[in-house]
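The values are calculated or read from the model by the stated rules, or taken from the named source; none is laboratory data. Please read these numbers as outputs of a predicted model, since none were measured by experiment. As a convention, Cβ positions derive from the backbone with ideal geometry for all residues, glycine included, and neighbour counts pool all protein chains shown. Surface areas here come from the heavy atoms of the whole protein model, side chains and all, with no ligands, DNA or RNA. Shrake-Rupley method; radii C 1.70, N 1.55, O 1.52, S 1.80 Å.
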Amino acid sequence: MVADNGDEPDDDINKLTLHVPETSHQISTDSWFQAGFVLTTGINSVFVLGYSGTIMVPLGWVGGVVGLLLATAVSLYANMLVAKLHEFDGKRHIRYRDLAGQIYGREAYYITWALQYVNLFMINIGYLILGGSALKAFYVLFNEEHTLKLPHFIAIEGVVCILFAISTPHLSSLRIWLGCSTVLSLIYIIVACVLATKDGLNAPPRDYTIHWTSTTSRIFSTIGASANLVFAFNTGMLPEIQATVRQPAVKNMLKALYFQFSVGVVPMYAVTFIGYWAYGSSTPTYLLNSATGPLWVKASANMSAFLQSVIALHIFASPAYEYLDTKFGIHGSALKVTNIAFRILARGSYLTISTLVSAMLPFLGDFESLTGALSTFPLTFILANHMFLMAKKNKLSSLQQSWHWLNVGFFALMSVAATVAGIRLILVDSKEYHIFADV
């Protein structure tokens, strides 16, 4: 129940009591369509090749389909709440933490900052693992000896991401790369759908039974898959993306969200449902590993997935880059020697650490679950509903206030349960796989 489209503040809101820095990056320069493509790039990133295995397999047809539809609706709703608070108190809040700090105060500023960077760091871990997996899948098509292992490909992915981060100074400079990302996404999604459809038509009846070793396993698997559902649709950095949008920022961002959650979700739905239909309960967490077809077709899809992961990672790493550039006063031409040297040092260090963690613990599905639990639930659902409640409480009816409190309570419980499930999955897989495992 979005009660109010206005941005007028209530007088009794606590004001931010700390200095909020300006940004070294560009703001208010992009169209809503470009912002929509940024959001769609995230939702149709290489992660979509895993949703058949990480969402549909543990939930089955009914749970998976209903869950995805519900996750789409509640995610659109929650993101609309955040978008409508972008100009709260008469100023643009270009960072998630700035908005939280303006509404709640200093402590919330830092708590939100921590949650957001955990969220984005974990997402980047996932992109590095998936990009490495795609590159490995490309490699094994042409090399039967398998001399190189997954950690080697994750390291290669990390190096390419560092080079891309150095050459792409900020989010708005992705313009041409968003078009490239769309083409790359279409390549691997279309290939995966076509090959999976061919395999499904030629295969005997599939087993769609949900397999659990115990009741405990069933509970934790279901909760983990629920966290994957919300992970699929949310960025955790909506204010940062909205900051790039031209005025009127709220109206244009809502257009971008409508684009993301209508046209943008169709490819993701298609590859998720077709993949599960074709392979049933044996669907892997990287769909192209099961697909059969011409060598060159599979090779092009895997290479496209690898390259797209580099562009998508840059989007989710951009808040960290913006913080570092602003903190150290990086201004002027992106081609200045000092600015290039800073990007090499700062972004190279950030991605080197991310790559090392990814190579050590390449358990993709577990990281999706834990990311959804630790940060996506709090940032996208709990905080969005509570911030809207606090900012607009004098303008909401008792029924509307009860609705927002219900959302806060429900998603808080889901966050706690999903965190326990995500940690359990990582502990279980850590026993099965050693560090730097070739999974």
Members of the range 186-224 that are of a type in the set (G, A, S) and modelled with pLDDT of 85 or more:
A192, A196, G200, A203
Which of the following residues is modelled with pLDDT under 95 and within 20 Å of Y350 (Cβ to Cβ): S318, S290?
S318
Can you name the helices (runs of 4 or more DSSP H) wholly within the range 162-268 that have at least 1 residues being among the polar types (S, T, N, Q) and closer than 30 Å to S349 by Cα?
175-202, 215-233, 238-242
Note on the range 402-419: residues at pLDDT 85 or above and of a type in the set (A, V, I, L, M) are L406, V408, A412, L413, M414, V416, A417
Quick check: is even one residue across the range 122-138 open to solvent by 20 Å² or more (accessible area, probe 1.4 Å), at pLDDT below 85 and more than 22 Å from the chain's Cα centre (by Cα)?
no
The one condition L295 fails out of (1) open to solvent by 20 Å² or more (accessible area, probe 1.4 Å); (2) under 30 Å from D199 (Cβ atoms); (3) within 25 Å of the chain's Cα centre (by Cα) is (3)
Filter the range 326-344 for residues that are part of a helix (DSSP H, G or I) and out of contact with any helix residue (DSSP H, G or I) (no Cβ under 8 Å at 6 or more places or on another chain); the one that is surrounded by the most Cβ atoms within 10 Å (Cβ to Cβ) is N339
Return a yes/no flag: does the range 257-273 have any residue that is buried (at least 17 other Cβ atoms within 10 Å of the Cβ), closer than 19 Å to R95 by Cβ, under 17 Å from the mean Cα position of the chain (by Cα) and modelled with pLDDT of 95 or more.
yes
Applying the selection to the range 128-161, what residues are in contact (Cβ under 8 Å) with a residue 24 or more places away in the chain, outside any loop (DSSP other than H, G, I, E, B) and among the aromatic types (F, W, Y)?
F138
Among the residues of the range 79-114, write down those that are on the phi > 0 side of the Ramachandran plot and either buried (at least 20 other Cβ atoms within 10 Å of the Cβ) or in a helix (DSSP H, G or I) (or both).
D89, G90
Among the residues listed as S173, S167, S181, the single one being among the hydroxyl-bearing types (S, T, Y) and surrounded by 20 or more Cβ atoms within 10 Å (Cβ to Cβ):
S181
Residue that is least open to solvent (accessible area, probe 1.4 Å), among those in the range 394-409 that are over 30 Å from the mean Cα position of the chain (by Cα) and within 23 Å of G101 (Cβ to Cβ)
L396
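Residues L374, L427, L399: which one is over 24 Å from Y109 (Cβ atoms), assigned to a helix (DSSP H, G or I) and modelled with pLDDT under 80?
Going through L374, L427, L399 in turn, just one is over 24 Å from Y109 (Cβ atoms), assigned to a helix (DSSP H, G or I) and modelled with pLDDT under 80: L427.
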Checking Y321 against (1) open to solvent by 60 Å² or more (accessible area, probe 1.4 Å); (2) in contact (Cβ under 8 Å) with a residue 60 or more places away in the chain; (3) under 20 Å from A114 (Cβ atoms), the condition it does not meet:
(1)
Residues that are open to solvent by 80 Å² or more (accessible area, probe 1.4 Å), in contact with a Ser or Thr (Cβ under 9 Å, 6 or more places away or on another chain) and of a type in the set (F, W, Y): does the range 141-153 have at least one?
no
Complete set of residues in the range 142-175 that are among the small types (G, A, S) and farther than 20 Å from I129 by Cβ:
S167, S172, S173
